[in-house]
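Structure first, commentary second.
The values are calculated or read from the model by the stated rules, or taken from the named source; none is laboratory data. In this text the structure is predicted, and so the values were computed from the model without any measurement. Positions of Cβ are generated from backbone atoms using ideal geometry, with glycine treated the same way; all protein chains shown enter the neighbour counts.
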Amino acid sequence: MRRQLIVMLKEPRPGRVKTRLGREIGMTDAAWWFRHQAARLIRRLEDPRWQLTLAVSPDHAGLASRIWPAHLPRHPQGRGDLGARMARIFRNAPPGPVLVIGADIPCIDRDHIARAFAALGDHDAVLGPAPDGGYWLIGLKRVQAAPAGFLENVRWSGDAAMLDTLCSLGPLRTAHVDTLADVDTAADLAVAASSSALRYPRRKQAAKRRSVDR
């Protein structure tokens, strides 16, 4: 059974993606950042050790989108809150180890993913914590083992998302791997842009575009 890495994506439309970041730097610039960040993440994480699949939203637009690589499998996320959509992704995944991540964590690399799959060797589930109380990765060794109520009643907007998720995992033995941060604010973006290891869109480039447009 092949390992599955599933990346959750939204179409990079202004006002529909990274809206918290957009309130600080502008919705167009936030969508532009997400588009390029996600594309580079996908390229970086393709690996023969696992099948990379895209879980897209909105469903019809994502399936028809020309933005994402055409050679990768795509599946619709469907309706519901984040927990409902992630639970559906796991239910519809092939048998075997499955990891689900978002596309807005700039520093994820193949080693992070490999460590998460390795953690499933002697655990039922794995979580990649985030500094804000959430998480950037969740995985199951066997999707059929997900307990009733998996990812229900999770408070996604606060600092209790990881704790609530652990509760929803019930008796499953859960490993924790690397702590990584996503980009939700201009301050997060500045920290990400300061990395010497990665080259992805920076806010100052977006600012230059705005000045030209004016």
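Residue 148 falls short on exactly one of the conditions (1) within 24 Å of residue 33 (Cα to Cα); (2) loosely packed, with under 15 Cβ neighbours inside 10 Å; (3) among the aliphatic types (A, V, I, L, M), and that condition is (1). Determine if segment 28-45 includes at least one residue that is surrounded by fewer than 18 Cβ atoms within 10 Å (Cβ to Cβ) and either at pLDDT below 95 or not in a helix (DSSP H, G or I) (or both). Checking segment 28-45: not a single residue is surrounded by fewer than 18 Cβ atoms within 10 Å (Cβ to Cβ) and either at pLDDT below 95 or not in a helix (DSSP H, G or I) (or both). The residues of segment 150-162 that are farther than 21 Å from residue 120 by Cβ and small (Gly, Ala, Ser), listed by number, are 157, 158, 160. Residue check: residue 17 meets all listed conditions (1) out of contact with any Asp or Glu (no Cβ under 8 Å at 6 or more places or on another chain); (2) surrounded by 15 or more Cβ atoms within 10 Å (Cβ to Cβ); (3) part of a loop (DSSP other than H, G, I, E, B) but one, namely (1). For segment 108-123, the set of residues classified as buried (at least 17 other Cβ atoms within 10 Å of the Cβ) and touching a helix residue (DSSP H, G or I) at 6+ places or on another chain (Cβ under 8 Å) consists of 108, 113, listed by residue number. Here residue 181 meets the list (1) part of a helix (DSSP H, G or I); (2) over 25 Å from residue 79 (Cα atoms); (3) in contact (Cβ under 8 Å) with a residue 12 or more places away in the chain; (4) hydrophobic (A, V, I, L, M, F, W, C) almost entirely, failing just condition (1). Residues in segment 184-214 that are among the small types (Gly, Ala, Ser), modelled with pLDDT under 85 and either in a helix (DSSP H, G or I) or under 19 Å from residue 31 (Cα atoms) (or both): 206, 207, 211.
Summed over segment 154-184, residues that are surrounded by 15 or more Cβ atoms within 10 Å (Cβ to Cβ) and among the hydroxyl-bearing types (Ser, Thr, Tyr) total 3.
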